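The values are calculated or read from the model by the stated rules, or taken from the named source; none is laboratory data. All figures in this text were calculated on a predicted structure; none of them were measured in a lab. Every residue, glycine among them, receives a Cβ derived from its backbone with ideal geometry; neighbour counts consider all protein chains shown.
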Amino acid sequence: MRRLRPEQVRSYLELLDVQELPADPLERLRVLQWAHLARVPFENLDHFLPRQTPLRVQALFRKVVGRHRGGICYELNLLFGALLRSLGHRVRLLSARVCLGPGRLSKPFDHLALLVDGRWLVDVGFDPSVSAPLEVRRGARAVHGRGTQRLVRQAGEWLVCTRDLRGSLSYAYRFSTRRRTLREFLPQRRFHRVGPGSPFSSSWVWGVATPEGSNMLRGGRLVVEVRGRETERPVRSVAHAARLLASMGKRGPPSLWRLRRPPGAAPRQR
């Protein structure tokens, strides 16, 4: 994983609205992870455009920082990992399998997460329920504005469990701390772009975290979550989606107007 140049680090931190980095490494990770979730959208708009962004740090920097775009887990965590490396942290790519239901997991490399400094699970490419660094050890817990998250040992790997403010328990994904290479994620990334069974190939998603929840465009709906309660508004067209993004305080990227087709059924959130 390549590092960013000093001027790129400054631009990235400016995008995140982080003006001063805490000296304590854990507090620094907390500040950066939350800022990323709140300022850089999770989105799959590239999947509906003719040209795809290569999974390379410099290309992702131009997309996210230069054009104020977002991405899915492979893009967001790879670029965020490059930022952390540039700030002196040790970063390892991790393969995770998303929990699909009782006893059901997605394929290996379906999700990319980060192990930072050999002990902290860090993730800016899942959803706001996983919004704080989590120490990789038995019984580890992290408390944040949306509830709590903890780790459970399962089948020789680690299961990320989340509990929201209403007390509802859910399971995010299961991961191994084995070091992975970027090349290993490429087939599954391609599946999510073009595979007929991918939750991201049939409809688009765009969302950011907020202090009390999240604002998420899922297919044909705008879902606003505040302290565990969701309200929905229909999205009539791509132009309407762009106006809704503006009303949320986020300008829609120009590519939003060039989507090949209108939003379809809502995909599962990741």
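Residues of the range 64-93 that are touching a strand residue (DSSP E or B) at 6+ places or on another chain (Cβ under 8 Å) and either assigned to a loop (DSSP other than H, G, I, E, B) or among the β-branched types (Val, Ile, Thr) (or both): Val64, Arg69, Gly70, Ile72, His89, Arg90, Val91. One residue stands out among those in the range 101-129 that are without any contact (Cβ under 8 Å) to a residue 40 or more places away in the chain and not in a loop (DSSP other than H, G, I, E, B): the one that is surrounded by the fewest Cβ atoms within 10 Å (Cβ to Cβ), which is Gly101.
Restricting Thr148, Thr177 to residues that are outside any loop (DSSP other than H, G, I, E, B) and either surrounded by fewer than 21 Cβ atoms within 10 Å (Cβ to Cβ) or not basic (Lys, Arg) (or both) narrows the list to Thr148. Selection of the range 155-170 for residues being more than 23 Å from Ser95 (Cα to Cα) and not in a strand (DSSP E or B) yields Leu165, Arg166, Gly167, Ser168. Only a single item in (1) part of a loop (DSSP other than H, G, I, E, B); (2) of a type outside the set (Asp, Glu); (3) over 24 Å from Gly147 (Cβ atoms) is not met by Pro22, and it is number (3).
Can you name the residue in the range 196-236 that is more than 18 Å from Leu37 (Cβ to Cβ) and charged (D, E, K, R) and is also modelled with the highest pLDDT among such residues? Checked the range 196-236; the qualifying residue modelled with the highest pLDDT is Glu232.
Yes/no matrix, rows are residues, columns are (1) under 25 Å from Leu134 (Cα atoms); (2) at pLDDT below 95; (3) surrounded by fewer than 23 Cβ atoms within 10 Å (Cβ to Cβ); (4) over 15 Å from the mean Cα position of the chain (by Cα):
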residue	(1), (2), (3), (4)
Phe48	no, yes, yes, yes
Gln52	no, yes, yes, yes
Val57	yes, no, yes, yes
Gly70	yes, yes, no, no
